[in-house]
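See structure below.
The values are calculated or read from the model by the stated rules, or taken from the named source; none is laboratory data. This is a predicted model, so every value here is computed, not measured. Here the Cβ positions follow ideal geometry from the backbone for every residue, glycine too, while neighbour counts run over all protein chains shown. Accessible surface areas use protein heavy atoms only, side chains included; no ligands, DNA or RNA. Shrake-Rupley method; radii C 1.70, N 1.55, O 1.52, S 1.80 Å.
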Amino acid sequence: MKKIIFITLLISYLFISCGSSNTADDTAKTNTENKEILVLAAASLTDVLTELANNYKTGTTVTFSFASSGALQTQIEAGSPADIFFSAAQKQMDALQEKDLIDTDTRKDLLENKVVLISPTNSTLNIKSFTDMTNANVSKIGLGEPKSVPVGQYSEEILSNLSILDTVKQKAVYGSDVRNVLSWVRTGEVDCGIVYATDAQIANDINIIAEAPEGTHKKVIYPIAIVKSSANKEEAKKFIDYISNDKAAEAFKNYGFTVIK
């Protein structure tokens, strides 16, 4: 009788142990599968980051919020959840660093872009340079909102250095991000607009008129960093490492960015 009881207890113990092991394995698997990071990134990075994330096979889900860098900066300052901030300018990243809202050890400059003037393909206004925006036949000019949109800030710097800012302001229509301006040019809602070279590259229904003259604006540098309040810093660091590797560099180059080494 004692032998039967012993065997019964042994079987029960083995069953419980195996069950516990399976549960632990399932939990670990679930934890791995359920990892997710939120990346707040400049609108001009929409296409390339989406492509890179689609090829990121690590079990971590990468979710994006694309908008103007200024709007994203405000979200982080307001305490919105975020793991990574990828800005189209130093200004917004500097502001967050001054408020101790990013992990400065993870901050680095990753990309460089150019600023260009574009017009609809069917334009008959004969715009050939930035200074031609002052011509009487040009009535609407698409610009990024300079208070929150980096391309708008670069635009004002360019126009100021060309001594045409006041004239252009009278014709300006301000967009909430660079893609907003690009859309207006593509649909002909404005006569011309100032965007990044990478945005112009993805549109086959616009004319690239000219690149901003050398020395008329600060370099368009894209810094990236982990947000200090991130609860997923390990996964965030892995994603930054991934988009900093040589294969990702090729993707960025294909979209017109210059990769900073």
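Applying a threshold of 8 Å to beta carbon distances and a minimum spacing of six or more residues, or different chains, the list of pairs starting in the range 231-251 at a residue that is more than 17 Å from Phe85 (Cβ to Cβ) and ending at one that is outside any helix (DSSP H, G or I) and of a type in the set (A, V, I, L, M) reads Ala249/Val259. In the range 203-212, the count of residues that are over 20 Å from Ile127 (Cβ atoms) and open to solvent by 50 Å² or more (accessible area, probe 1.4 Å) is zero. Quick check: is even one residue across the range 232-251 hydrophobic (A, V, I, L, M, F, W, C), closer than 21 Å to Ala42 by Cβ and assigned to a loop (DSSP other than H, G, I, E, B)? Scanning the range 232-251, I find at least one residue that is hydrophobic (A, V, I, L, M, F, W, C), closer than 21 Å to Ala42 by Cβ and assigned to a loop (DSSP other than H, G, I, E, B), so the answer is yes. The set of residues from the range 152-200 being part of a helix (DSSP H, G or I), closer than 19 Å to Gln90 by Cβ and of a type in the set (Ser, Thr, Tyr) comprises Tyr154, Ser155, Ser160, Thr198. Those helices (runs of 4 or more DSSP H) of the range 41-135 in which at least 3 residues are more than 20 Å from Ser244 (Cβ to Cβ), touching a residue at least 24 places away in the same chain (Cβ under 8 Å) and touching a Leu at 6+ places or on another chain (Cβ under 9 Å), considering only elements entirely within it, cover 69-77. Filter the range 56-81 down to residues that are within 13 Å of the chain's Cα centre (by Cα) and aromatic (Phe, Trp, Tyr) and give me whichever is surrounded by the most Cβ atoms within 10 Å (Cβ to Cβ). Residue satisfying both the conditions and the ranking: Phe66.
Glu214 fulfils the conditions (1) modelled with pLDDT of 95 or more; (2) of a type in the set (Asp, Glu); (3) more than 17 Å from the chain's Cα centre (by Cα); (4) farther than 11 Å from Ile118 by Cβ except for a single criterion, (1).
Name every residue in the range 153-183 that is of a type in the set (Gly, Ala, Ser), open to solvent by less than 20 Å² (accessible area, probe 1.4 Å) and without any contact (Cβ under 8 Å) to a residue 40 or more places away in the chain, in order of residue number. Answer for the range 153-183, where residues must be of a type in the set (Gly, Ala, Ser), open to solvent by less than 20 Å² (accessible area, probe 1.4 Å) and without any contact (Cβ under 8 Å) to a residue 40 or more places away in the chain: just Gly175.
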